[in-house]
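**Student:** Just dropping this structure here.
Nothing in this text is a laboratory measurement; each read-out follows from the coordinates by a stated rule. The shown structure was predicted, so the numbers you read here are calculated from the model rather than taken from an experiment. Using ideal geometry, Cβ is built from the backbone for each residue, glycine included, and neighbour counts are taken over all protein chains shown.
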Amino acid sequence: MIDFYLLEALVKFDEYGTLAKAAEQLGVTQPALTHSLKNLEDELGVQLFDRKPNRLYLTDTGKYAVQQAKRVIDDNYKFTDKVKLFEQNQSSITIGANAPGPLIVIHSLNLDNLIVQNKHVQKDFEKILNEEQVTCLLTNKSLKSDKIISVFIGSERMAVNLRQENPLTKIESLKFADLAGNTFLCPQEIGFWKDIYESQIPDGKFIYQNESTEYKELLSFSSMPFFTTNLTKLDPN
């Protein structure tokens, strides 16, 4: 069986182009790297390199070997990650979501066996679940798959918050069209709500703030409308 390190050495040589640079990245001496690459050729029984004075070049077979080595290395890392995830999932539940509200609720439970992924998932829901990157994924849509069970567990309701002097407060039940042309202050990480706001509010303008502390300070001084939901109101921060 080919030593995994030899494949990494081959890929590094291809990536950096010279023995000196590749050896530096691998943390070995240049003679040690040269010896490793020669060992790889011997084990495969093929010529991977054209040797010129003071320079080494990949043959066509060598270039093909690099492609295959990258696949093996990638598969190895995936194997490692999957085994670690499996072990993790035996003692805990990893939860993800495509909006902040559900994660706020999960955090509030303070359960020891819950691992919450705070970065919102925006796509590839089925792939993430099938690869067991998370145990459970909270989304605003049902997933249709033979391998995934989708269950409705509740609703998240959005509200727009207005200062008393805003003329929109006189409208008893606001529609998105009523908000046309307004400028809104929003947190940066709001998941699927961002697409809803930007697609449903005609000519709306949105100022996104990444830092939560600065966002709250702006809210206290700004007259701009902003959004909350029945779940985000539970955030103690």
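**Student:** Among Val121, Ile148, Cys136, which residue has its Cα furthest toward the positive end of the charge dipole of the range 60-157, with +1 on Lys/Arg Cβ and -1 on Asp/Glu Cβ?
**Tutor:** Val121
**Student:** What ranking do 69-80, 147-158 get when scored by the average of other Cβ atoms within 10 Å per residue, highest first?
**Tutor:** Values: 69-80: 12.2, 147-158: 10.1.
Ranked by mean Cβ neighbours within 10 Å, highest first: 69-80, 147-158.
**Student:** Can you find, among Trp193, Pro225, Ser173, the residue sitting farthest towards the positive end of the charge dipole of the range 158-234, where Lys and Arg contribute +1 and Asp and Glu -1 at Cβ?
**Tutor:** The residue sitting farthest along the positive end of the dipole is Ser173.
**Student:** Oh, and also: Taking H placed 1.01 Å from N in the peptide plane, check which residues at least 5 places from Leu138 or on another chain put their amide H under 5 Å from its amide H.
**Tutor:** Gly96, Ala97, Asn98
**Student:** Given 0.36 nm per residue, what is the gain on full extension from Phe206 to Asn118 after removing their alpha carbon distance, in nm? It would help to have the intermediate numbers written out before the result.
**Tutor:** Details: separation 88, 0.36 × 88 = 31.68 nm, distance 2.27 nm.
Going from the current span to full extension adds 29.4 nm.
**Student:** What's the Cα-based Rg to Rh of the range 4-83, Rh via Kirkwood? Please list the in-between numbers first.
**Tutor:** Details: Rg = 12.7 Å, Rh = 12.9 Å.
Ratio value, two decimals: 0.98.
**Student:** Still on this structure: Got the relative contact order for the chain handy, in percent, Cα pairs under 8 Å and 6 or more residues apart? Please report the intermediate quantities before stating the final value.
**Tutor:** Numbers: 277 pairs, mean separation 37.4, N = 237.
Averaging sequence separation for qualifying contacts and normalising by length gives 16 percent for the chain.
**Student:** Continuing with the same structure: According to the Kirkwood expression over distinct Cα-Cα pairs, how big is the hydrodynamic radius of the chain, in Å?
**Tutor:** Hydrodynamic radius (Kirkwood, Cα pairs) of the chain is 22.8 Å.
**Student:** Related question: With θ set to phi - 60°, apply the Karplus curve 6.51 cos²θ - 1.76 cosθ + 1.60 along the range 150-159 and write out the HN-Hα couplings as whole Hz, x wherever there is a Gly or Pro.
**Tutor:** 10, 10, 6, 10, x, 10, 10, 10, 8, 9
**Student:** Under unit Cβ charges (Lys, Arg +1; Asp, Glu -1), what dipole magnitude, rounded to 20 debye, does the chain have relative to its Cα centre? Can you show the working numbers first?
**Tutor:** On the way: 26 positive and 32 negative charges, 66 e Å.
So the magnitude is around 320 debye.
**Student:** Rounded, prolate or oblate, given the Cα gyration tensor of the range 1-135, with a/c below 1.5 counting as rounded?
**Tutor:** Verdict is prolate for the range 1-135.
**Student:** How large are Rg and Dmax for the range 95-153 when calculated on the C-alpha trace, in angstrom?
**Tutor:** In order Rg, Dmax, the Cα atoms of the range 95-153 give 11.2, 32 Å.
**Student:** Same structure, new question: For the range 158-234, compute Rg over Rh where Rg is the Cα radius of gyration and Rh is the Kirkwood radius from the inverse mean 1/r over Cα pairs. Spell out each step's value before the answer.
**Tutor:** Details: Rg = 12.1 Å, Rh = 13.0 Å.
Rounded to two decimals, Rg over Rh is 0.93.
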